[in-house]
Amino acid sequence: MKKITWVGVGMALIWMAAGCSTSQITSSWKAENTVPVKYNKVLVLGLIREADRSMQENMENHMVGDLSDLGYTAVSSLQEFGPKAFDNMDETTALDKLKNSGVDAVITIVLLDKQKERRYVPGNLYYSPYGYYYNRFWGYRTTLYNRIYEPGYYVTNTRYFWESNLYDMRTQKLVYSVQTQSFDPANSESLGHEYGKMIVQDMVKKNVMMRTNEIPGKAF
């Protein structure tokens, strides 16, 4: 008799199919006629209402690292300007601050929503063909006993909904936008690592960014 433990099989299979990743892109878009640009300095700006500042730090820092791997000069908003850099500023003042810092592109990382999900995980179940355990009293009794009396438990998972936009600060235009979901990441460090790599790879795939030594022309 084979013993099978069911632990959120449906959800587990979904994320296993995505390559054991906790994050996936739900939609992405780029402006028409977009080609990679040799930006001089890309600012990664996290807009995340989390009590723990490490969430924003990890999301920004990993995105900066992945952009740097492509050859771009990228900086974290927290490191470049601090947590309250744009507070109480109007648009003109904020844009002047970016321009004076040499920033000519901005990538935002916005936490749109965060939801907690509570689900019940049943205990161990014995699975056998009906013809086996129904025709034998003890097999039937043992199987049904475990289904009824084996204790289960509740788990709480967290789902994050993200959006990132790339703005060309020379034109003030939106170049690229992507929305994603992250399901119950182990911690903000692993989430930041996974998210940055996923978004940068998608931008390369859509020919929004590429290795700077492959981009023709001079930096703007």
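Values in this text are rule-based calculations from the coordinates and carry no lab data. Since we're looking at a predicted model, the values are computed, not measured. Don't worry about glycine lacking a Cβ; one is built from the backbone with ideal geometry, like all the others, and counts go over all protein chains shown.
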Whole-Hz Karplus couplings 3J(HN,Hα) for the range 177-186, θ = phi - 60° and coefficients 6.51, -1.76, 1.60, Gly and Pro as x, run 9, 8, 10, 9, 10, 10, 10, 6, x, 4
In the structure shown, of LYS84/LYS206; LYS99/LYS197; LYS114/LYS173; LYS173/LYS205; LYS38/LYS84; LYS116/LYS173, the pairs separated by more than 31 angstrom at the C-alpha atoms are LYS84/LYS206; LYS116/LYS173
Between THR73 and residues 5 or more places away or on another chain, the pairs with built amide H atoms under 5 Å apart involve VAL42
Put in order of increasing Cβ neighbours within 10 Å, starting from the fewest, LEU95, LEU43 give LEU95, LEU43
Given 191-199, 85-93, the highest-first ranking by average Cβ count within 10 Å works out to 191-199, 85-93
Diffing the range 190-204: the Karplus 3J(HN,Hα) column from phi (6.51, -1.76, 1.60, θ = phi - 60°), in whole Hz with x for Gly and Pro, holds 5, 5, x, 4, 5, 5, x, 5, 5, 5, 5, 4, 5, 5, 5
HN-Hα couplings for the range 33-43 via Karplus (6.51, -1.76, 1.60; θ = phi - 60°), in whole Hz with x for Gly/Pro, come out as 6, 6, 10, x, 10, 7, 5, 6, 7, 9, 9
